[in-house]
Amino acid sequence: MTLAYIGNVEVVTNFMRLLTNNFKGKEITLEEETTYLETIEALGLLASRYEAAYDFLKKGVTHAFWQTNTFFSSPGGYELPGQLIAASIRGLGYSGRPEALGF
């Protein structure tokens, strides 16, 4: 989360790369799943300043987005899509952007 407070566009890019590519084809642990969810929320702090992070979170509130962008096996199983959507909504809330209130 600290990186999200002081981060720049490079941090946004690295967070989004982590969320879409780093776990591809892997079976992740519960700890990695927690980190994944926390990274989504951390994007919210960056979304106050960077459109790419905000756009990612807006897409993340839909089940379809996570069906096509989650390429790993997780201990969360069938509950994971709901957790990903909830983390995206929390991230939008952390952004403090007035337009995020609709989510």
_Output for region 53-69, where each listed residue is under 15 Å from Ala100 (Cβ atoms) and in a helix (DSSP H, G or I)_ = Ala53, Tyr54, Asp55, Phe56, Leu57, Lys58, Lys59
*For region 10-27, how many residues meet the condition of being of a type in the set (Val, Ile, Thr) and at pLDDT below 85?*
1
*Test for Arg49: is it over 17 Å from Arg17 (Cβ atoms), without any contact (Cβ under 8 Å) to a residue 12 or more places away in the chain and either surrounded by fewer than 20 Cβ atoms within 10 Å (Cβ to Cβ) or acidic (Asp, Glu) (or both)*: yes
_Residue satisfying condition, being assigned to a helix (DSSP H, G or I) and over 10 Å from the mean Cα position of the chain (by Cα), within set Glu41, Glu33_ = Glu33
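Within region 17-71, which residues are of a type in the set (Phe, Trp, Tyr) and within 14 Å of Gly93 (Cα to Cα)?
Matches in region 17-71: Tyr54, Phe56.
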*Test Leu101 against the stated conditions and say whether it is assigned to a helix (DSSP H, G or I), under 13 Å from the mean Cα position of the chain (by Cα) and not hydroxyl-bearing (Ser, Thr, Tyr).*
no
*So which residues in region 68-103 are more than 19 Å from Thr35 (Cβ to Cβ), out of contact with any Phe, Trp or Tyr (no Cβ under 7 Å at 6 or more places or on another chain), of a type in the set (A, V, I, L, M) and surrounded by 13 or more Cβ atoms within 10 Å (Cβ to Cβ), if there are any at all?*
Ala100
*Options Glu79, Glu99, Glu27; residue that is touching a strand residue (DSSP E or B) at 6+ places or on another chain (Cβ under 6 Å) and over 17 Å from Gly7 (Cβ atoms)*: Glu27
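The values are calculated or read from the model by the stated rules, or taken from the named source; none is laboratory data. Since this is a predicted model, take the numbers as computed values, not measurements. We place every Cβ from the backbone using ideal geometry, glycine too, and count neighbours over all the protein chains shown.
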